[in-house]
Amino acid sequence: MNSLSTQPLAHLLDTLLTQAETTTIEDICAATGLSAQALEQQKGCKTAYAGFYASLKNFAIPVSRRTGELLYMLARCSNARVVVEFGTSFGISTLFLAAALRDNGGGQLITSEFEPSKVARAQQNLQTSGLADLVEIRSGDALQTLGSNLPQHIDMLLLDGAKALYCDILKLAETGLRTGALVIADDAADSPEYLAYVRDPANGYMTLDFDGDVDLAVRLG
């Protein structure tokens, strides 16, 4: 069974991904008031991410379809039942992951989103897809929302929020990551601190770059 090819999810994903593809770097610069160069510098800032991401509340900025399908495949082949996601946005990656949980026979997806308007849109999309019962959206700064009450057994962690926080969020979830758990970081090159951490053998991960855009790590224990 593949829920990605069934309705209403297939049509919803097509619509959301098509809409997201119309966003340009010029649109983002206009919304944030930053030049392209300043935009790149902002990605690594740990002090101003709240205002930066609030200015992007009207943009999905999702994973690509290819990355979404990779998330689905990884969750399916690992038989994931508990997934944590940092950065819900409009819920596109959330839909891919929740579909995998549904096809695995059920499970729990905890996701965190800073911007309230995006939380509302993600909830609406999850209701439309019929996957809302699998997902808990925590609204607010992930340093707080994912800082407590995480499952003790986590099969997969997706990092797709503020790049400067990737390493911090990983460390919040780390004690719950089971041996063999997968950690997927989108646009990982924008988080050198994270890459340095997971690529240090002393920290217990094995990593692989995927398409120069996504970093896949396995928790070795």
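The values are calculated or read from the model by the stated rules, or taken from the named source; none is laboratory data. Since we're looking at a predicted model, the values are computed, not measured. Neighbour counts are summed over all protein chains in view; Cβ atoms, including those assigned to glycine, are modelled from backbone coordinates with ideal geometry. What goes into the accessible areas is simple: the full protein's heavy atoms, side chains included, and nothing from ligands, DNA or RNA. Shrake-Rupley method; radii C 1.70, N 1.55, O 1.52, S 1.80 Å.
What is the list of residues in the range 17-34 whose amide nitrogen lies under 19 Å from a point 7 angstrom out from the Cα of residue 47, following Cα to Cβ? Flagged as within label range: 34. Here is how the number arises for the chain: DSSP H runs of 4 or more residues each give -39500 (n - 2.57), the sum is divided by the residue count, and the result at 222 nm is -11500 deg cm²/dmol. Centre-to-centre separation between the Cα atoms of the range 168-204 and those of the range 61-95: 16 Å. The tail of the calculated P(r) for the chain, taken as Cα-Cα distances beyond 26 Å, holds 30 percent of the pairs. In this structure, residue 139 and residue 206 have a Cβ-Cβ separation that, at R0 = 35 Å, corresponds to a calculated FRET efficiency of about 0.55.
On full extension, the segment bounded by residue 73 and residue 22 gains 15.7 nm, given 0.36 nm per residue less the C-alpha separation.
Could you sort 84, 135 by their accessible area in this structure, using a 1.4 Å probe and putting the largest first?
I get 135, 84, largest accessible area first.
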